[in-house]
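Just below is one structure, and these are the notes that go with it.
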Amino acid sequence: MQEQATTDEARAGRAQCRELLRDVALQNAMRKRAAGVPTYTVPEAAALLSLSQEYVYRLIHADAFPALRLRRGGGQGRYVVPAKAVEKLLDVASGAGNCVDVADWSEAWRTSAAGGAA
């Protein structure tokens, strides 16, 4: 019984920590947005979109969400998300009047950007 209570307390502590980190990421993203900073970190983009950062990473790895991979050589790197991509995606979704598939949108955005239209 004691073991279960300890486990529940640990889960509650982790959930509180995740919530705090998400709040900090959202505050940072809003500051960057107001200042016109051109990129977001993955946690910031996830907070703006109300998604988990793990899910945004999965979308990025599946080429279903635009991001820049910054690394040297073949080592580990870091991803940043263009602020324009987040803003455009939200504009498209709010103006579409229906569900927007991010993978399809990302492909169309990538195609138009390659053609010089974006």
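Nothing in this text is a laboratory measurement; each read-out follows from the coordinates by a stated rule. Every value quoted in this text rests on a predicted model; they were computed, and no experiment measured them. Cβ: placed from backbone, ideal geometry, glycine included. Neighbour counts: every protein chain shown.
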### Message
Residue under question is Tyr40, and the condition is that it be touching a Lys or Arg at 6+ places or on another chain (Cβ under 7 Å) and surrounded by 16 or more Cβ atoms within 10 Å (Cβ to Cβ); does it hold?
### Response
yes
### Query
Which members of region 1-53 meet the condition of being touching a residue at least 24 places away in the same chain (Cβ under 8 Å) and of a type in the set (Ser, Thr, Tyr)?
Thr39, Tyr40, Thr41
## Note on the structure
Selection from region 90-117 of residues surrounded by 15 or more Cβ atoms within 10 Å (Cβ to Cβ) and touching a residue at least 40 places away in the same chain (Cβ under 8 Å) yields Val102, Ser106, Trp109
### Query
Is it true that Ala35 is within 25 Å of Glu107 (Cβ to Cβ) and either out of contact with any Asp or Glu (no Cβ under 6 Å at 6 or more places or on another chain) or crowded, with 16+ Cβ neighbours inside 10 Å (or both)?
no
### Task
Mind listing whichever residues of region 65-87 are in contact (Cβ under 8 Å) with a residue 24 or more places away in the chain and in contact with a Lys or Arg (Cβ under 6 Å, 6 or more places away or on another chain)?
Tyr79
